[in-house]
Amino acid sequence: MFVWSKRLVGALLGLFAFMLGVFLFDTAPDSISDLKIHTTRWMALNYLGLVIWVFVWMIDQTRMRGKNVWVWLVPFILAPLPTLMLLVLYLQRRIQ
């Protein structure tokens with residue numbers, strides 16, 4: 001891929017590991033629903049990582065085709081999956 005570099009991947013994986021460590025060790029001893037809080041944080045962290053990964057993929061695909069990805073940023077923040085589908089359809093259309 002055009003956008004990825006070892007430095008970027010290392011930084012993102014390091015940030016993920018750091019956040020996971022914060023979530024694992026940041027627990028209240030007298031809390032009733034530690035598992036629910038941990039599960040919610042884990043799901044949110046994974047979703048955020050997936051959204052970042054998909055947007056970097058979008059940057060890569062639009063750069064390779066000479067298109068502008070920043071037009072798609074606001075719709076992507078509001079609704080990631082439909083925007084991703086529309087972007088793929090937009091990039092696959094025939095050039096006349």
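Laboratory data are not the source of any read-out in this text; all were calculated from the coordinates shown. A quick note: this is a predicted structure, and the numbers were derived from the prediction, not measured. All Cβ positions, even for glycine, are placed from backbone atoms using ideal geometry, and neighbour counts span all protein chains on display.
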Item to complete: First measure r as the distance between the Cβ atoms of R93 and R63, then evaluate 1/(1 + (r/R0)^6) with R0 = 22 Å and state the FRET efficiency to the nearest 0.05.
Response: 0.80
Fill in: Additional length obtainable on full extension of the chain from F23 to L45, 0.36 nm per residue less Cα span
7.0 nm
